[in-house]
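This is the structure I want to talk about, given as structure tokens.
No value in this document is a laboratory result; all are computed from the given coordinates. Only a predicted model underlies this, so the values are computations on that prediction, with no experimental measurement involved. Cβ coordinates were reconstructed from backbone atoms using ideal geometry, including for glycine residues, and neighbour counts include every protein chain displayed.
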Amino acid sequence: MFKYLATSALLFASPLAAETLRVVADTPPIHSLTAQVMGDLGTPALLTEPSASPHGHALRPSEAARLQAAHLLVWVGPAMSPWLAEAREDMAKDAVSLPLMEAEGSTVLPKRGAHMHDHDHGHEEKPEAKAEDHDHDHSHDDDHGHDKAETADAPRRDPHLWLDPQNATLWLTLIAEELAQLDPDNAESYRSNAAAAAEAITAQAAEAAARLAPLAGREFLTAHDAYQYFEARFGLTSHAAITDAEDAEAGPAHLREVLASSDGLGCFITEPSTPSASIRLVTETLSIPAVEIDPLGAALPLGAAQYAALMDSLTSGFETCLKQP
């Protein structure tokens, strides 16, 4: 699984009881997957507020205390949250760390540029990249989840992996196995919960595929290139993102370039943080509606049901977008 996890696990040689096991997750979707595996045996804590940016964050004292107390940290990984990689090293060095993005078998796609995207990324052609083992203390060059190692010689990785339900089903098993190591008395319950959750996610993904299949081929514009994994899994096509290559707000030149070549789009996919001025400019220039989709589902109720609600919100959002006349 991860070469360094075994070392961390040795620090908890004595089994922990479910009621004393402290598990922390980094984002609402990862928290939801973890909650599904834990079931009635315990409740994971969310490290930060649901609306907190996973890319850059300064821990509050209560959040730092949560991290320091953790026996297990379940997170996307340092490519998503370089600040958490540093905080974990300083505050939770003895905790077992499960950076899901680095798990063998995870589908990891390269980060796309901010201009016209490659339009040939239906799920059948999607690269099923297997993450290699990565040292957990890599340093990072900015607050957008870019590894220093991901230079021109090694493409930067898109960290929004949870939007591919196939990754989610893999991760359920990994979470169950880490919990089983820490709490062996309940190992079979964790595994059973993970299997049931994976079956439900697979069924939901099949329903989403059936709903979205008739809409394939129509393009849309995004405020932030956060949906590549969902697009690739369900055969959708993004025309471009209006943010620049570093996910910063686009300058006038980039906006002019995108808008000049964006005829016939279904809609403009925005997020809760998209500036209203950008929404107004794009929708009025292109005469297309804006459809808000939050890739984190921060406004959805936190807990085991959040991941299913998130995937349904994405499916419904893209349906609304692509059914536009």
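Check V291: other-chain or 5+ apart residues with amide H under 5 Å from its amide H, H built from backbone geometry?
So V291 has HN proximity to F268, I269, T270.
Amide H neighbours of E219 under 5 Å, counting only residues 5+ apart in sequence or on other chains, H built in-plane at 1.01 Å?
Here G266 satisfy the definition.
For each of L179, L302, L236, L59, count neighbouring Cβ atoms within 10 Å of the residue's Cβ, then give the residues from fewest to most.
Numbers: L179 32, L302 14, L236 25, L59 19.
By the 10 Å Cβ count, ascending, the order reads L302, L59, L236, L179.
Which value, in debye to the nearest 20, describes the size of the charge dipole of segment 161-294 about its Cα centre when Lys and Arg Cβ atoms bear +1, Asp and Glu Cβ atoms bear -1, and nothing else is charged?
Using only the charged Cβ atoms, the result is roughly 540 debye.
If you rank S238, S313 by fewest surrounding Cβ atoms within 10 Å, what's the result?
Working: S238 23, S313 17.
Fewest-to-most Cβ neighbours within 10 Å comes out as S313, S238.
Neighbouring Cβ atoms within 10 Å as the yardstick, rank S62, S273 fewest first. Show your work: numbers first, answer last.
Values: S62 8, S273 11.
Fewest-to-most ranking of S62, S273: S62, S273.
Ordered by residue, what ³J(HN,Hα) values in Hz, to whole numbers, does segment 203-208 give under the Karplus form 6.51 cos²θ - 1.76 cosθ + 1.60, where θ = phi - 60° and Gly and Pro are x?
Listing the rounded values in order: 5, 5, 5, 5, 5, 5 Hz.
Given H placed on each backbone N at 1.01 Å, which residues far from W75 in sequence or on other chains put an amide H within less than 5 Å of it?
L98, L100
Okay, moving on. Hey, what do the phi angles of segment 23-39 turn into as Karplus ³J(HN,Hα) couplings, whole Hz, using 6.51/-1.76/1.60 and θ = phi - 60°, x for Gly and Pro?
3J(HN,Hα) across segment 23-39, in whole Hz: 10, 10, 10, 8, 9, x, x, 5, 4, 5, 4, 5, 5, 5, 6, 6, x.
Loop-only trypsin sites (Lys or Arg not before Pro) in segment 52-104, please: DSSP not H, G, I, E or B, and at most 15 other Cβ atoms within 10 Å. Write out the running numbers ahead of the final one.
On the way: sites: R66, R88, K93; in loops: K93.
In loop regions of segment 52-104 (DSSP not H, G, I, E or B), the sparsely surrounded trypsin sites (Lys or Arg not before Pro) are K93.
Residue by residue through segment 227-243, which ³J(HN,Hα) values in whole Hz follow from phi under the Karplus form 6.51 cos²θ - 1.76 cosθ + 1.60 (θ = phi - 60°), with glycine and proline marked x?
With the stated coefficients, segment 227-243 comes to 10, 4, 5, 5, 4, 5, 5, 10, x, 9, 10, 8, 6, 5, 10, 8, 6 Hz.
Between segment 280-313 and segment 182-243, how many Å separate their Cα centres?
Rounded to whole Å, the Cα centres lie 14 Å apart.
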